[in-house]
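Below: one structure, written as structure tokens.
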Amino acid sequence: MGIEIQARRSTKIEWTDQTWNPVVGCHLISSGCKNCYAKSMHTRHFGNPKQPKYIKPFEEVVTWEDELETPYQWKEVKRVFVCSMSDLFNKDVPTEFIHKVFDVMNATPHYYQILTKRSERLKELAPELTWTPNIWAGVTVENGDHLNRIDHLRDVPASIRFISFEPLIGELGKVNLQGIHWAIAGGESGGSLKSLRRLNRDWVDLLREQCDEGGVAFFFKQWGRKEFNPDQSDPTIPAKGEKEKKDEKTSKGGHLIDGISYWTFPEFPTYYPDVALREELYKLEETISNSTKEFTQSWVSIGESLSIIKERMEGLGSGKLYWQAYLGVNSFQEYCKTRLQLSRETATQMRQAFEIIRGLKPELLINGAEQIPSYTKLRKLGPHQDMIIKNPGKYEEIVEHAFDETPRSKFNSEVNKRFKKRNKAKAKPAHHEQADSKYSKAIDASDWDKYIELIKTDLSSKLIPTLEDEFESLLEQLKSMLSETVSSE
Ligand code: SF4
């Protein structure tokens, strides 16, 4: 597996991190739809003006153009279940809209899981769609009557082809798993106990054996209800009155088979929406690596490479999403530390020093290398870089001293003098001053895990229990915003 996805699960669906619903509404098509989760959710929200997506009846399929923007806004690389509230290949979804959904998937670095029962339409449209390696195609097979959906799936050129045997409501018998990478299985869970169709342990065992033999990753999601679980002491069964958690601790009816959890994912290729950019970033990283390890080039090439890397990443949009997608890290800080073995401070000083030369004396970069001072001299100007470059006339004298023979200590005191007033005025933002010292420490160390933990500890006792998930999600967003601020420094 190329990338390790670390996103926090924002849905209770165990095999994904996030749902994305550019289409809402569907029609029952086969026996697996009887207790359709999307329909019951839709019915719950139907007509609620605060939930405009559910303003039409479930049977009226609606496409939402605005939703096409959403994947660009997520801050982390995620596994995304496409159309959990519908079926992307429903006959009422216009082909042009399916193309638009694919355009978004092609352009963003998430890993998309499309699951359909309309396998004929999937097969029919597959040749005209662009199957970048981050798009996984899947079909639902609820019993042996629908094995032909797998034959349709086999013709789809997706990097991962998967089958959801959920709700598994009937015997499957021998399943042809040729060309299939992943199988999810689970019992029926939505609806009253009376209306649910019991998951049979033998069906699960037979399927798991076939996956084992065929080298297909097997994900056993849940038994559906405690009553269907052959092991009533399964520790992953939620306690009475408790809801299942968004981690491996519990699931609907529990999910262990003979005490073992089978939450297995297939291996999948890493996806970079812009391969040329990825190549460029790797070349720049190689330059930095050569310069730091072999001293074959001056610090200027490191500063230049870092500057370009930062510009490219910021050009893609802020946040850790693209740092994760292209470089496997969450921020500039982590990139420097883990991939370059450089402290963020040193890396930032080199980058800023390069940018100062590029902004004020670009001619030195072409043929004046011997006049370039050490970055340790220029670093004093780093924090004032923007104002100096924007207004070089005003700072002419100080700029000249950065490039002449003025000794570093004298130069430093001149810079201190020149910018003293401004620094004083800048001091620390008011909220830092007012924050408790425990918060200040975390802020000063940019330790956002600690910072979030402090907020949690201080506020969780005051929280209404039903809002816990919302609160957690808001804290996650805050954490990524804070990391983003640091990474863009
Ligand atoms: S295909 Fe899926 S979303 Fe559509 S009705 Fe059936 S179960 Fe519900």
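Couple of notes before you dig in:
- Shape of the chain, Cα gyration tensor, a/c cut at 1.5: prolate
- Taken about its Cα centre, region 1-154 carries a charge dipole of about 520 debye when Lys and Arg each add +1 at the Cβ and Asp and Glu each add -1 at the Cβ.
- Gyration tensor (alpha-carbon) shape descriptor, region 307-380, a/c threshold 1.5: prolate
- Restricting region 3-101 to trypsin sites (Lys or Arg not before Pro) that sit in a DSSP loop and have at most 12 other Cβ atoms within 10 Å of their own Cβ leaves Lys50, Lys91.
- The Cα atoms of region 109-241 give a gyration tensor whose axes a ≥ b ≥ c have a/c of 1.5 or more with a/b greater than b/c, which makes the shape prolate.
- In a DSSP loop and with at most 13 other Cβ atoms within 10 Å, the trypsin sites (Lys or Arg not before Pro) in region 226-265 are Lys240, Lys243, Lys245, Lys249.
None of the figures in this text is laboratory data; all of them are computed from the coordinates on show. Just so we're clear, the structure is a prediction, and the values are computed from it rather than from any experiment. With ideal geometry, Cβ positions are generated from the backbone for all residues, glycine too; neighbour counts draw on all protein chains shown.
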